[in-house]
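Participant: Mind having a look at this structure? Questions to follow.
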Amino acid sequence: MKKFLFFMAALIFLCSFALADIHIKTKTHTDAVTVMGQSQPEKNEIVETWIGQDRYANHSSDMSMIVDLKKNLLYLLDHKEKTYVEASLPLDISKLLPPEMAQMMSMMQMSVSVNPTGQTKTIGSWKCQGYEVNISMMMMPMKMTVWATTDVPFDANQFMEKFQAPLLKLQMRLDDNSLAEFFKIKGYWISSEVTGEVMGAKIRSTSEVIEISKATPPPTAYSIPADYKKTEKLRLK
């Protein structure tokens, strides 16, 4: 249960181009937490995102997600185990989970509401608008604060429609009404903070974009390492 909830939170926290793709670097932080006697230390890292015309990749130290719209496939890579799973789109994330987690997933339905705050803030070089997001997951409320901007060198609405919205809908099992709430957030998410409670333990994670540029992606940006083994299910340790 605990591992499943952390996995889902990671996926949530987890999100007209020229020949060069868009390269984004985001610094992330997760507070230390202890749940049911098991502790996880705080974590800080830089996550890299690549956005192309028909492909998308998000790379952290533990996991990578690669979406290939031409092949209509999604890949999830586990860097610790050096394994990956492959799934057709549209994605049914429950098919990639162990049976006990898949059963839990089938019972889960998230509801979302988004409210623009009317506040503005400059983060880095980006002028952002503020939003409050309320998420209900298995009777455990979570709150998210998002700062977003349209002042980016790519079509943020197109990114939302092609990549972010379909993944949010399927990973969070959102109905159409909840998905429509996310479309109230205008632009690319520059900064976010997620807070909530898991089995009595408070959780908190933050992210903030530190760089957006156009760049030629390296061969590793959208590829699976040759020594990674394909598996049928995700292993949640």
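Participant: Can you work out the Karplus-derived ³J(HN,Hα) for every residue in region 55-71? Use 6.51 cos²θ - 1.76 cosθ + 1.60 with θ = phi - 60°, whole Hz, and x for glycine or proline.
Facilitator: Residue by residue, region 55-71 yields 8, 8, 8, 9, 10, 10, 5, 9, 9, 10, 10, 10, 10, 10, 6, 5, 8 Hz.
Participant: Here's another thing I want to ask about it. For the pair Lys184 and Lys82, how long in nm is the line joining their label points, each one 7 Å along Cα→Cβ?
Facilitator: Label at Lys184, label at Lys82, 4.7 nm between them.
Participant: Starting with the highest mean, order 34-43, 154-163, 197-206 by the number of other Cβ atoms within 10 Å, averaged over the residues of each peptide. The partial results should precede the final answer.
Facilitator: Numbers: 34-43: 11.0, 154-163: 16.7, 197-206: 14.6.
So the peptides 34-43, 154-163, 197-206, ranked by packing, come out 154-163, 197-206, 34-43.
Participant: Separate question: Per residue, how much space in cubic angstrom lies within the convex hull of the C-alpha atoms of region 143-228?
Facilitator: Details: hull volume 14.2 nm³, N = 86.
It comes to 165 Å³ per residue, whole-number rounded.
Participant: As a test of reading the structure, rank His79, His23 by solvent-accessible area (1.4 Å probe, protein chains only), most first.
Facilitator: I get His79, His23, largest accessible area first.
Participant: Mind listing the phi-derived Karplus ³J(HN,Hα) values for region 217-234, rounded to whole Hz, using 6.51, -1.76 and 1.60 with θ = phi - 60°, and x for any glycine or proline?
Facilitator: x, x, x, 7, 4, 10, 10, 9, x, 4, 8, 7, 9, 6, 10, 8, 10, 6
Participant: If each residue of separation counts as 0.36 nm, what is the full-extension length gain between Thr220 and Asn72 once their alpha-carbon separation is subtracted?
Facilitator: Value of the extension gain: 51.4 nm.
The values are calculated or read from the model by the stated rules, or taken from the named source; none is laboratory data. What you see is a predicted model; the values in this text were computed from it and never measured. Because the Cβ atoms are built from the backbone with ideal geometry, glycine has one as well, and the counts that use them run over all protein chains shown. For accessibility, only protein heavy atoms count, side chains too; no ligands or nucleic acids. Shrake-Rupley method; radii C 1.70, N 1.55, O 1.52, S 1.80 Å.
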